[in-house]
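Some notes on the structure that comes next.
The values are calculated or read from the model by the stated rules, or taken from the named source; none is laboratory data. All figures in this text were calculated on a predicted structure; none of them were measured in a lab. All Cβ positions, glycine included, derive from the backbone under ideal geometry; neighbour counts span all protein chains shown.
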Amino acid sequence: MNIVSEVLLYLCFSILVGSFLISLVPSSFKPEIHVQRRVQIIATVGIVLFSFIPILLLVMQLTKGDNYVGTLQMILNTFEIGKAWFFTFIVANMLFIFLLWFDDQKNKIYAYGGLAFTFLLILGLGWASHASSVGHIKGFIIHTSHFIAVTVWVGILIVVSWFSKGFSNWLKFLKWFSPVAIVCFSITVASGIGLMTFVMDFKTYTDTWMLSYGQLLLIKHLLIIPLIVYAAINSLLVKKKLIQYPSFNPRPWSKVESLIVLLIFSVTAALSNQSPPSENTFKNEGPSGLFSYFYQGQNLQVMQVELAFNATSFSLFVLSILLIGLTIYAFLKKAPALITFFLSILFVFSSYLALILSIT
């Protein structure tokens, strides 16, 4: 329940940020796009509801007897996550009223006002984050920067991919969006590394693979590789294709890139529901079920992992490289974009096995 709600929460934020930002871009530098106001209203309501799910679960966990209301009041008044949600509730209501009151979506004030309220909502999310609770102001700044960079990049991508009508001006769109995406990706990587320092030591990265947290983190990092490949396809190869064939439709490829992002959102949501990696976590919870599946019957009493490639893992590693190459080749040969999506999933699967089976 919490994982699904977090994925939908990320999606709601991305739609709001993307729709408000893209409306500030002149019509000659973007395809024809129309995000209905009701979609933005639903996303606003969704932020309130989906951000409340962790609080609801906390209420159910702490409540003794039938005093649910009293427990909820205590959380809202004394817990940082409760205070942050109450702030989110107030700001979301202001955004909701703003969206209902403002009729002219083409007016720049509509976009600037929506962005201002959405930025405040992102601050509320950063306030309630794990990084903020551990690293205080530093954690708050890093998490907020990370989330802003992600929602700007992914938000524009989702809005253009799923809400555009046709693909006119796509070349002009790529001309400004590609640099924006590169900057946002760079900030995302840098801040993501900063967030990792709050929960683990980089020297123990492979050791965490024995835990559920480490397994999910590994899968997330592997998913980033096909995401980079699709970003390169959509920014470089699509540009060349459109110059050669103006009738070429790039939208399916940007949609596949957004699907990869959705998978990363899902893994990220699952990560936030796992115990941080440590020796105590390993002693209390033991190795993850997935890791134990590959190493049944072996001594898993110590949280220590070393890598040594063998014939099987090397073959899988070569296969994963071939699958990435096939993804690019499929684009050049005009194969359906959905086929390359499955090739990307196979890449993650084969590269995951290559690493896991290299463990000694």
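Restricted to the stretch 20-51, and to residues that are in contact with a strand residue (DSSP E or B) (Cβ under 8 Å, 6 or more places away or on another chain) and among the hydrophobic types (A, V, I, L, M, F, W, C), which residue is surrounded by the fewest Cβ atoms within 10 Å (Cβ to Cβ)?
Filtering the stretch 20-51 for residues that are in contact with a strand residue (DSSP E or B) (Cβ under 8 Å, 6 or more places away or on another chain) and among the hydrophobic types (A, V, I, L, M, F, W, C), the one surrounded by the fewest Cβ atoms within 10 Å (Cβ to Cβ) comes out as I33.
What number of residues in the stretch 28-48 are over 20 Å from F102 (Cβ atoms) and either in a helix (DSSP H, G or I) or within 15 Å of the chain's Cα centre (by Cα) (or both)? Before you say what the answer is, go through the steps one by one.
Initially, the stretch 28-48 is screened for residues over 20 Å from F102 (Cβ atoms), giving 28-32.
After this cut, where a residue has to be either in a helix (DSSP H, G or I) or within 15 Å of the chain's Cα centre (by Cα) (or both) as well, the list is 28-29.
The qualifying residues number 2.
Would you mind finding the one in V25, V7 that is in a helix (DSSP H, G or I) and either of a type outside the set (A, V, I, L, M) or closer than 25 Å to L115 by Cβ (or both)?
V7
Within the stretch 193-208, track down each residue that is in a helix (DSSP H, G or I) and surrounded by fewer than 18 Cβ atoms within 10 Å (Cβ to Cβ).
Looking only at the stretch 193-208, we keep the residues that are in a helix (DSSP H, G or I), and these are 193-196, 202-204, 207-208.
Residues satisfying the conditions are I193, M196, F202, K203, T204.
Any residue that is over 22 Å from C12 (Cα atoms), out of contact with any Leu (no Cβ under 7 Å at 6 or more places or on another chain), of a type in the set (A, V, I, L, M, F, W, C) and free of Cβ contacts under 8 Å to residues at least 12 places away in the same chain - is there at least one of those in the stretch 137-147?
Residues of the stretch 137-147 over 22 Å from C12 (Cα atoms): 137-139.
After this cut, where a residue has to be out of contact with any Leu (no Cβ under 7 Å at 6 or more places or on another chain) as well, the list is 137-139.
Pick out the ones that are also of a type in the set (A, V, I, L, M, F, W, C) and you get 137.
Okay, now just the ones that are also free of Cβ contacts under 8 Å to residues at least 12 places away in the same chain, so 137.
Yes, the stretch 137-147 contains a residue that is over 22 Å from C12 (Cα atoms), out of contact with any Leu (no Cβ under 7 Å at 6 or more places or on another chain), of a type in the set (A, V, I, L, M, F, W, C) and free of Cβ contacts under 8 Å to residues at least 12 places away in the same chain.
I'd like to know if the stretch 259-275 contains one or more residues that are assigned to a loop (DSSP other than H, G, I, E, B), more than 20 Å from the chain's Cα centre (by Cα), surrounded by 12 or more Cβ atoms within 10 Å (Cβ to Cβ) and in the same structural domain as I328 (by TED's automatic domain parsing).
Filtering the stretch 259-275 for residues assigned to a loop (DSSP other than H, G, I, E, B) gives 272-275.
With more than 20 Å from the chain's Cα centre (by Cα) added as a condition, the list becomes none.
Checked against the condition, which is being assigned to a loop (DSSP other than H, G, I, E, B), more than 20 Å from the chain's Cα centre (by Cα), surrounded by 12 or more Cβ atoms within 10 Å (Cβ to Cβ) and in the same structural domain as I328 (by TED's automatic domain parsing), the stretch 259-275 yields no hits at all.
To keep it simple, each residue is scored yes or no on (1) touching a Gly at 6+ places or on another chain (Cβ under 6 Å); (2) closer than 23 Å to H136 by Cβ; (3) touching a residue at least 24 places away in the same chain (Cβ under 8 Å); (4) not basic (K, R).
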site: L24; (1), (2), (3), (4): no, no, yes, yes
site: Q40; (1), (2), (3), (4): no, no, yes, yes
site: K64; (1), (2), (3), (4): no, no, no, no
site: F87; (1), (2), (3), (4): yes, yes, yes, yes
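Based on this model, can you work out whether Y352 counts as over 24 Å from L195 (Cα atoms) and not aliphatic (A, V, I, L, M)?
Working: over 24 Å from L195 (Cα atoms): no; not aliphatic (A, V, I, L, M): yes.
Criteria not met by Y352.
Just to verify a result, which residue in the stretch 52-62, among those that are under 24 Å from the mean Cα position of the chain (by Cα) and in contact (Cβ under 8 Å) with a residue 12 or more places away in the chain, is surrounded by the fewest Cβ atoms within 10 Å (Cβ to Cβ)? Full working, then the answer.
The first filter runs over the stretch 52-62 and keeps only residues under 24 Å from the mean Cα position of the chain (by Cα), leaving 52-58.
When the remaining residues are screened for being in contact (Cβ under 8 Å) with a residue 12 or more places away in the chain, the result is 52-55, 57-58.
Values: F52: 17, I53: 17, P54: 20, I55: 19, L57: 14, L58: 16.
Across the stretch 52-62, the extreme among qualifying residues is L57.
Here is a list: L322, L307. Which entry is surrounded by fewer than 17 Cβ atoms within 10 Å (Cβ to Cβ), hydrophobic (A, V, I, L, M, F, W, C), touching a strand residue (DSSP E or B) at 6+ places or on another chain (Cβ under 8 Å) and assigned by TED's automatic domain parsing to the domain that holds Y205?
Of L322, L307, the one residue that is surrounded by fewer than 17 Cβ atoms within 10 Å (Cβ to Cβ), hydrophobic (A, V, I, L, M, F, W, C), touching a strand residue (DSSP E or B) at 6+ places or on another chain (Cβ under 8 Å) and assigned by TED's automatic domain parsing to the domain that holds Y205 is L307.
Being buried (at least 18 other Cβ atoms within 10 Å of the Cβ), outside any loop (DSSP other than H, G, I, E, B) and assigned by TED's automatic domain parsing to the domain that holds L223 narrows it down to one residue among T327, T312; which is it?
Working: T312 fails: buried (at least 18 other Cβ atoms within 10 Å of the Cβ).
On inspection, the qualifying residue turns out to be T327.
Mind listing whichever residues of the stretch 276-287 are assigned to a loop (DSSP other than H, G, I, E, B) and either within 18 Å of H221 (Cα to Cα) or at pLDDT below 80 (or both)? Spell out how you get there, then give the answer.
Kept after step one, since they are assigned to a loop (DSSP other than H, G, I, E, B), are these residues of the stretch 276-287: 276-278, 286-287.
Selection gives P276, P277, S278, G286.
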